[in-house]
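Right, one structure below, let's go through it.
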Amino acid sequence: MHDAITALLPRNPGHQFVVYADSCSGVPGALHEQTFASVNAVVRRLQPGPEFILFPGDEISGLTDDADALRAQWRHWLEIEMGWLDRRDVPMWHTTGNHTTYSEMSEAMFGEMLKLPRNGAPGQDGLSYWVRRDDLLMVFVHTLWSGLGGEGHIETDWLEATLGQHKDARHKLVLGHHPVFPINGYSGTYQREIGHEYRDRFWEILVRADVTAYLCSHILAFDVQVHQGVLQICTAGAGTAHRMPEGVEYLHCVQAALDQNGLRYQVLDTEGVVREQLAWPLPAIDNAGWSPLPRGISPAPFSGVPGPGTVIALRLSGHTAAETAAAQTILCAPVPGMIAPLWLGLRGPKQTLTLILGRENGRSPHYWIGPDLLAGRDFAIDVAFYPDMGPGGVLWRLGGDTRWTSFAAASSTGLERLSWPAAWSVGHGEGGPDDMRYAGSRLDIAASVIPLP
């Protein structure tokens, strides 16, 4: 008998729930039945249990044109594999997915088997819908509607109207199967994310409505990133046996608590071990204790491996060079005999803010791409390193803004493994004053280490 797992609870009135997805099961005796059962066993150990469960798609293997076989998979999944769950006590809400709603027949089957609310977009009854629980609004979008063209195509007018009708909700979550932004370097319009032509409008709607998070799956990984203050959380570890990439990602479920202070979650593997955790939003950093960093090499204000809930923040300001494409160092954390474990600076003709992590000798470094600062401009920008967020935890925002955005990356891990060197260099690289020298007329940098409560 496994021990109970302590669930995160709201710190004041709020909501606590589980979100997991992509079991691709429903076939008796198949591999995914076993892997899905191992994740369900962890969900069942949570104390107290969740108030509700969210499942952003791909419950069953599906992808068949045989309606009877598809119905049998749904019945096995609902009645046998999820038979332990009393849905009258713990509601479970789903989104559509590419294994479950890949044709008009399968869309009709989805509605027939799950009997979800029928308050969605025109033509999408039982496929898109919304649920209101007190001060929490959850909007479930259909990211592969046959009426628009299938996988990756998404309706946005109804989403905007629904969020507008519930603008009094303190908490807003939007759920869909496909990510909006790439995960772990896996990218491709329609197939791996929603169609790129929908991306800007879809995300602008979430930002304007002050949505807390977009919850998705599809890419077989756990990932979190933020764009203009709205989280994208991908959880696709409920049983599909292969991972993206193998050896790094793992089967998991996510238990979360939402209250007036924000969102917290813990990611549990099949042993019930907390592999990742997060508290969001970041605290206000304007009144943090800032330490100005001098040009050249000096003792670092922080070194070693940061503990959970630690944010390392930088406040940058200056004036960029009039015209150069050469690499220019803002901050370098060197270690003798190897590529710098951390280099932050400007690269290319647009003077793009870039983070480079050199992880081990003989291996190519990993890149994080931020905003273009452009030539001959004043700039003021905050950068935050939040290792708990994995690859999404390299963040930026313009001075005076309150909303953070993750740097773009193609890595499946972030700064969580970095041991920060004991000396930092400002304005030039590890090779001395002329190595990748900052070419602008002014550079001011201050650092702060912020432990989250």
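The values are calculated or read from the model by the stated rules, or taken from the named source; none is laboratory data. Note that the structure is a prediction, hence the values are computed from the model and not measured. In this analysis, Cβ positions are derived from the backbone assuming ideal geometry, glycine residues included, and neighbour counts consider all displayed protein chains. These accessible areas exclude ligands, DNA and RNA; they are computed on the full protein's heavy atoms, side chains included. Shrake-Rupley method; radii C 1.70, N 1.55, O 1.52, S 1.80 Å.
Quick look at the values:
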item: Inter-residue pairs, beta-carbon under 6 Å, first open to solvent by 10 Å² or more (accessible area, probe 1.4 Å) and in segment 45-62, second modelled with pLDDT under 95, 6+ apart; result: R45/H2
item: All positions within segment 4-31 that are of a type outside the set (A, V, I, L, M, F, W, C), in a loop (DSSP other than H, G, I, E, B) and in contact (Cβ under 8 Å) with a residue 24 or more places away in the chain; result: P10, R11, N12, P13, G14, Y20, D22, S23, G26, P28
item: Residues being in contact with a helix residue (DSSP H, G or I) (Cβ under 6 Å, 6 or more places away or on another chain), open to solvent by 10 Å² or more (accessible area, probe 1.4 Å) and under 26 Å from A213 (Cβ atoms) - total across segment 128-155; result: 1
item: Segment 76-105: number of residues that are free of Cβ contacts under 8 Å to residues at least 40 places away in the same chain and surrounded by fewer than 13 Cβ atoms within 10 Å (Cβ to Cβ); result: 6
item: Scope segment 1-32; condition closer than 21 Å to R75 by Cβ and either under 21 Å from the mean Cα position of the chain (by Cα) or surrounded by fewer than 21 Cβ atoms within 10 Å (Cβ to Cβ) (or both); matching residues; result: Y20, A21, D22, S23, V27, P28, G29, A30, L31, H32
item: Residues of segment 229-288 classified as more than 28 Å from I205 (Cβ to Cβ), open to solvent by 10 Å² or more (accessible area, probe 1.4 Å), at pLDDT 95 or above and polar (S, T, N, Q), total; result: 3
item: Of all residues in segment 163-211 being under 18 Å from the mean Cα position of the chain (by Cα) and among the aromatic types (F, W, Y), the one that is surrounded by the most Cβ atoms within 10 Å (Cβ to Cβ); result: F202
item: Boolean, G390 is under 22 Å from A313 (Cβ atoms) and among the small types (G, A, S); result: yes
item: Evaluation of P453 against (1) closer than 25 Å to I339 by Cα; (2) part of a loop (DSSP other than H, G, I, E, B) (one fails), failing number; result: (1)
item: All positions within segment 428-446 that are small (G, A, S) and modelled with pLDDT of 95 or more; result: A439, G440, S441, A446
item: Residue in segment 165-183 that is under 14 Å from P122 (Cα atoms), out of contact with any Pro (no Cβ under 9 Å at 6 or more places or on another chain) and of a type in the set (A, V, I, L, M, F, W, C) present; result: no
item: Residues within segment 400-433 that are assigned to a loop (DSSP other than H, G, I, E, B) and under 26 Å from S303 (Cβ atoms), tallied; result: 17
item: Among the candidates L355, L395, residue that is in contact with a strand residue (DSSP E or B) (Cβ under 9 Å, 6 or more places away or on another chain), over 28 Å from N261 (Cβ atoms) and crowded, with 21+ Cβ neighbours inside 10 Å; result: L355
item: Cβ pairs under 9 Å, 6+ apart, first in segment 287-298 and on the phi > 0 side of the Ramachandran plot, second loosely packed, with under 12 Cβ neighbours inside 10 Å and of a type in the set (A, V, I, L, M); result: none
item: Conditions (1) open to solvent by 30 Å² or more (accessible area, probe 1.4 Å); (2) in contact with a helix residue (DSSP H, G or I) (Cβ under 8 Å, 6 or more places away or on another chain); number of the one not met by V335; result: (2)
item: Filter result for S61 (within 24 Å of Q191 (Cα to Cα), touching a Cys at 6+ places or on another chain (Cβ under 6 Å), among the small types (G, A, S) and at pLDDT 95 or above); result: yes
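Yes or no, residue by residue, for (1) in a strand (DSSP E or B); (2) in contact (Cβ under 8 Å) with a residue 40 or more places away in the chain; (3) more than 13 Å from L415 (Cα to Cα); (4) within 29 Å of the chain's Cα centre (by Cα):
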{"site": "P308", "(1), (2), (3), (4)": "no, yes, no, yes"}
{"site": "V311", "(1), (2), (3), (4)": "yes, yes, no, yes"}
{"site": "S317", "(1), (2), (3), (4)": "yes, yes, yes, yes"}
{"site": "A322", "(1), (2), (3), (4)": "no, yes, yes, no"}
{"site": "A340", "(1), (2), (3), (4)": "no, yes, yes, yes"}
